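A quick write-up on the structure given underneath.
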Amino acid sequence: MSSSPLHRALGLVTSQVPETTFEFYSDAALGVAFLATAIIAAKRMSYSRSQGGAETTVVTAFYSLILLTATLRTIWLIVPSTFWSPYYTPHAVMAFDPDHPEWFLKFLEVLLVGAGSLCLFSIFILILVYWADILKKYFYPGARRSKPMVTFLVLVSVLLIVQILNATLFLMKNYSTEGMILVNAVTLSLVSLVCVCEITIFSHRFRTVLKTLGAINQVSTESQVKRIVWITVTGNLFFFTRAFIETIFAVMLVVYWHKYGSVAEVFSHKLWDSYILLKHWSEVAILALMLYILQSRFTTNMDGSGDASADGGKNGYQTVPDSEPNNEGLPYQTVATLSV
């Protein structure tokens, strides 16, 4: 029994080694994928801003969030892992530890990863906020509605406060970088579960509204309904996967932390590689899908604008009349379809 702490220490040393060749190339591939996403989003955002108008303002906001997410991920993946820490897999480092001068860079790395996740989740939070506002307008026409962007900023601010508190507790030496990773895992797991529930509920109601409005105006809303379905299926798949990954990850962290006082054994190279690949390639996929949907909607608008004006919108896109002004000055049909 006396040798067990020694064995654990030896296991810790042997498990935390510089990145392998596979990890180097897999990170490089992910970095290139996020970089390409960032470049495309930047070009689309620049073009969207040049068009002007309320409709393109919504699109520009989504492109900006996609650009910020992809840029933060690119920085983290392109910069060699040895810059942040001597080890590829995470390890416990306390703030202001003189024996581990790399603690500050490790701290910055955790903040960088957390900021990227915050921006990614903000994309869907923005979608859900507008969906909720639109649905409230049609299901409760006389109810007082808050401005969607204000609601969005409040929700994002709550998540930002969690990140700030997490960083503050680390700097106050309440826990190590392992504790920061655990807090992020639990937070993302909970937010993912909430997004799954909200997307499912809102998308069902939204399809009902679109079909009703289409029947009233005698126009086809099939393309809009399909986009809602795309967002629902892919969004739920992404967030369910993310919730599952982060929940399992958090449970393993808690169990090992309670048992050994460290989670070094959780972060073996194989397990950490699987976590990174599944987590971040799913992010690339969802960002690429968002770019496709935004571009598809914009192209449809451009191609159908002539027909819409010539034929009363029957062959193209017809804006559903809005009986009361939008809080943000944005056309609701645009937010409902173009934004998602």
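The values are calculated or read from the model by the stated rules, or taken from the named source; none is laboratory data. Just so it is clear, the structure is predicted and the values come from calculations on it, not from any experiment. Neighbour counts are summed over all protein chains in view; Cβ atoms, including those assigned to glycine, are modelled from backbone coordinates with ideal geometry. Side chains included, ligands, DNA and RNA excluded: accessible areas come from the protein's heavy atoms. Shrake-Rupley method; radii C 1.70, N 1.55, O 1.52, S 1.80 Å.
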- Item | Within segment 13-108, helices (runs of 4 or more DSSP H) holding 3 or more residues that are in contact with a helix residue (DSSP H, G or I) (Cβ under 6 Å, 6 or more places away or on another chain) and not aromatic (Phe, Trp, Tyr) | 21-51, 54-78
- Look through segment 146-176, keep the residues that are modelled with pLDDT under 90 and open to solvent by less than 30 Å² (accessible area, probe 1.4 Å), and return whichever of them is nearest to Gly114 (Cα to Cα). Ser176
- Here are some conditions: (1) among the hydrophobic types (A, V, I, L, M, F, W, C); (2) surrounded by fewer than 17 Cβ atoms within 10 Å (Cβ to Cβ); (3) in a loop (DSSP other than H, G, I, E, B). Ala285 meets all but one. Which one does it not meet? (3)
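Any residue in segment 28-42 that is among the hydroxyl-bearing types (Ser, Thr, Tyr), within 23 Å of the chain's Cα centre (by Cα) and modelled with pLDDT under 85?
Taking segment 28-42 first, the residues among the hydroxyl-bearing types (Ser, Thr, Tyr) are 37.
Still in the running and within 23 Å of the chain's Cα centre (by Cα): 37.
Still in the list and also modelled with pLDDT under 85: none.
Within segment 28-42, not a single residue is among the hydroxyl-bearing types (Ser, Thr, Tyr), within 23 Å of the chain's Cα centre (by Cα) and modelled with pLDDT under 85.
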- Query: Do we have any residue at all in segment 318-332 that's open to solvent by less than 50 Å² (accessible area, probe 1.4 Å), of a type in the set (S, T, N, Q), at pLDDT below 85 and over 19 Å from Arg73 (Cβ atoms)?
  - Reply: yes
- Query: Got at least one residue in segment 240-251 being open to solvent by 50 Å² or more (accessible area, probe 1.4 Å) and not in a helix (DSSP H, G or I)?
  - Reply: no
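Which is among the acidic types (Asp, Glu), surrounded by 14 or more Cβ atoms within 10 Å (Cβ to Cβ) and either modelled with pLDDT under 90 or more than 16 Å from Thr89 (Cα to Cα) (or both), of Glu23, Glu19?
Details: Glu23 fails: either modelled with pLDDT under 90 or more than 16 Å from Thr89 (Cα to Cα) (or both).
Just a single option satisfies the conditions, and that option is Glu19.
Looking only at segment 179-189, decide whether some residue is under 17 Å from Ala132 (Cα atoms), buried (at least 19 other Cβ atoms within 10 Å of the Cβ) and β-branched (Val, Ile, Thr).
Going residue by residue through segment 179-189, those that are under 17 Å from Ala132 (Cα atoms) are none.
So far as segment 179-189 goes, no, none of its residues is under 17 Å from Ala132 (Cα atoms), buried (at least 19 other Cβ atoms within 10 Å of the Cβ) and β-branched (Val, Ile, Thr).
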